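The values are calculated or read from the model by the stated rules, or taken from the named source; none is laboratory data. Given the structure is predicted, the values throughout are model-derived calculations rather than measurements. Neighbour counts run over all protein chains shown; Cβ positions are idealised from the backbone, glycine included. Side chains included, ligands, DNA and RNA excluded: accessible areas come from the protein's heavy atoms. Shrake-Rupley method; radii C 1.70, N 1.55, O 1.52, S 1.80 Å.
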Amino acid sequence: MGIVLGIDIGSSATKIVAMDESKIILNSLKVSASDPVTAMYGAIGKLLCEERMQIADVEAVMLTGMGASYVEGDVYGLPTTKVTEFDALGTGGLYLTGLEETVVGSIGTGTVFVYAGPEGIWHIGGSAVGGGTLVGLSSRLFGIRDVEVIADMAEQGNLKNVDWGIAELSRDQMETLPDYATSSNLGKMKSTATDEDVALGLMNMIFQTAGTLAVFACRNVNLKRAVIGGSTATLNQARIMLGQVGELYDINFIIPKEAAFMTAIGAALLFQAK
């Protein structure tokens, strides 16, 4: 059948896609496990079961992500290749958008940005602030590690109880910044702030940080758009908050439907490109 499995083994979750020889995505799913190798084999088993496929139907396995370093040899005896996360991310971003050139970012456990275009794919930069930051701080503050639960909490929050806006700290209008721009993430923190307010403040800090870094990345390569992937980027707050950063700095943020699987998709495509 010529099926290629693209697998992105992250620190908190493993994403897998099955792609046929026509570059059509047959299925994609995510599996969480504390051990990266266990997560990988669990993801393969679950996908094969859902698609009613056998190991013999798979032509190759393409691995990427930090956890790929723990996998030794061929997986299930299938031709197995490891590709860099940067190459997979850039390739996946171009594929999902149909663009020829763009900045591609991933907001996963941390945040990373690459240039992808006619000149190739290369790492621009990144930050240790990302979804892992949200989970770690929420675990400490609320005893909650489920990102979806945190996002639901944040829906009920009010940023005015935790963040300082520029207009609140200065009576003068700044020429390049609107009154609604944030001056200090979590700097206000009223004693009456609820857990929901704090959850929203955490998300605002993380997505504004990622968005600002994306602006710098775009300016570094003279582009005005950034394709964003990663599981954290699929949250509703990401679209809203990144969109606000984009309006502020004239950057178009694109979050594809399959954003969570962008790097896994790119890994599978890198086999197709051989």
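Across the range 228-250, which residue is surrounded by the most Cβ atoms within 10 Å (Cβ to Cβ) among those that are among the aliphatic types (A, V, I, L, M) and touching a strand residue (DSSP E or B) at 6+ places or on another chain (Cβ under 6 Å)?
Just the residues of the range 228-250 that are among the aliphatic types (A, V, I, L, M), to begin with: 228, 233, 235, 238, 240-242, 245, 248.
The next check asks that each one be touching a strand residue (DSSP E or B) at 6+ places or on another chain (Cβ under 6 Å); those that pass are 228, 233, 242.
Working: 228: 28, 233: 26, 242: 24.
The selected residue is 228.
Every residue in the range 75-89 that is assigned to a helix (DSSP H, G or I) and either charged (D, E, K, R) or open to solvent by 50 Å² or more (accessible area, probe 1.4 Å) (or both), please.
First, pick out the residues of the range 75-89 that are assigned to a helix (DSSP H, G or I): 75-77, 85-89.
Within the range 75-89, 76, 77, 85, 86, 87 qualify.
Does at least one position in the range 227-234 carry a residue that is modelled with pLDDT of 95 or more and either over 28 Å from residue 25 (Cβ atoms) or basic (Lys, Arg) (or both)?
no
What residue, among those in the range 109-123 that are open to solvent by 50 Å² or more (accessible area, probe 1.4 Å) and within 28 Å of residue 135 (Cβ to Cβ), is nearest to the chain's Cα centre (by Cα)?
If we take residues in the range 109-123 being open to solvent by 50 Å² or more (accessible area, probe 1.4 Å) and within 28 Å of residue 135 (Cβ to Cβ), then 109 is nearest to the chain's Cα centre (by Cα).
Let me confirm something: among 26, 48, 63, which residue is open to solvent by less than 60 Å² (accessible area, probe 1.4 Å), aliphatic (A, V, I, L, M) and either farther than 14 Å from residue 88 by Cβ or touching a Pro at 6+ places or on another chain (Cβ under 6 Å) (or both)?
Numbers: 26 fails: open to solvent by less than 60 Å² (accessible area, probe 1.4 Å); 63 fails: either farther than 14 Å from residue 88 by Cβ or touching a Pro at 6+ places or on another chain (Cβ under 6 Å) (or both).
Just one listed residue meets the conditions, 48.
Of these, 17, 31, 4, which one is buried (at least 17 other Cβ atoms within 10 Å of the Cβ), in contact with a strand residue (DSSP E or B) (Cβ under 6 Å, 6 or more places away or on another chain) and without any contact (Cβ under 8 Å) to a residue 24 or more places away in the chain? Can you show your working first?
On the way: 17 fails: without any contact (Cβ under 8 Å) to a residue 24 or more places away in the chain; 4 fails: without any contact (Cβ under 8 Å) to a residue 24 or more places away in the chain.
Testing whether each residue is buried (at least 17 other Cβ atoms within 10 Å of the Cβ), in contact with a strand residue (DSSP E or B) (Cβ under 6 Å, 6 or more places away or on another chain) and without any contact (Cβ under 8 Å) to a residue 24 or more places away in the chain leaves just 31.
For the range 30-80, which residues satisfy the criterion of being under 11 Å from residue 5 (Cβ atoms) and under 26 Å from the mean Cα position of the chain (by Cα)?
Within the range 30-80, 40, 43, 44, 47, 48, 51, 60, 61, 62, 63, 75, 80 qualify.
Would it be correct to say that residue 253 is open to solvent by 10 Å² or more (accessible area, probe 1.4 Å) and outside any helix (DSSP H, G or I)?
Numbers: open to solvent by 10 Å² or more (accessible area, probe 1.4 Å): yes; outside any helix (DSSP H, G or I): yes.
It is true that residue 253 is open to solvent by 10 Å² or more (accessible area, probe 1.4 Å) and outside any helix (DSSP H, G or I).
Inspect all residues belonging to the range 90-108 and state whether any of them is open to solvent by 70 Å² or more (accessible area, probe 1.4 Å) and modelled with pLDDT of 95 or more. I'd like the intermediate steps shown before the answer.
Our first condition is that a residue be open to solvent by 70 Å² or more (accessible area, probe 1.4 Å); within the range 90-108, this holds for 95, 100.
Checking the rest, the ones that are also modelled with pLDDT of 95 or more come to 95, 100.
Checked against the condition, which is being open to solvent by 70 Å² or more (accessible area, probe 1.4 Å) and modelled with pLDDT of 95 or more, the range 90-108 yields at least one hit.
So for the range 92-105 (the condition being in a loop (DSSP other than H, G, I, E, B) and within 13 Å of the chain's Cα centre (by Cα)), does at least one residue qualify? Step through it out loud before you land on a result.
Taking the range 92-105 first, the residues in a loop (DSSP other than H, G, I, E, B) are 98-101.
Right, trim to within 13 Å of the chain's Cα centre (by Cα) and you get none.
No, the range 92-105 contains no residue that is in a loop (DSSP other than H, G, I, E, B) and within 13 Å of the chain's Cα centre (by Cα).
Evaluate the range 193-204: report whether one residue or more is open to solvent by 50 Å² or more (accessible area, probe 1.4 Å), assigned to a loop (DSSP other than H, G, I, E, B) and more than 28 Å from residue 89 (Cα to Cα). Let's see the steps before the verdict.
Here is the first cut: in the range 193-204, the ones open to solvent by 50 Å² or more (accessible area, probe 1.4 Å) are 194-196.
In the following step, the residues that additionally are assigned to a loop (DSSP other than H, G, I, E, B) were identified as 194.
After this cut, where a residue has to be more than 28 Å from residue 89 (Cα to Cα) as well, the list is 194.
Yes; the residues of the range 193-204 include at least one that is open to solvent by 50 Å² or more (accessible area, probe 1.4 Å), assigned to a loop (DSSP other than H, G, I, E, B) and more than 28 Å from residue 89 (Cα to Cα).
Identify the single condition in (1) under 26 Å from residue 221 (Cα atoms); (2) open to solvent by 50 Å² or more (accessible area, probe 1.4 Å); (3) touching a helix residue (DSSP H, G or I) at 6+ places or on another chain (Cβ under 8 Å) that residue 141 does not satisfy, given that it satisfies every other one.
Condition (1) is where residue 141 drops out.
List the number of the failed condition for residue 72; all other conditions in (1) buried (at least 19 other Cβ atoms within 10 Å of the Cβ); (2) acidic (Asp, Glu); (3) free of Cβ contacts under 8 Å to residues at least 12 places away in the same chain hold.
So the condition that residue 72 fails would be (1).
Test each condition in (1) without any contact (Cβ under 8 Å) to a residue 60 or more places away in the chain; (2) in contact with a Ser or Thr (Cβ under 7 Å, 6 or more places away or on another chain); (3) not in a loop (DSSP other than H, G, I, E, B) for residue 153 and report the one that comes out false.
Result: residue 153 fails condition (2) only.
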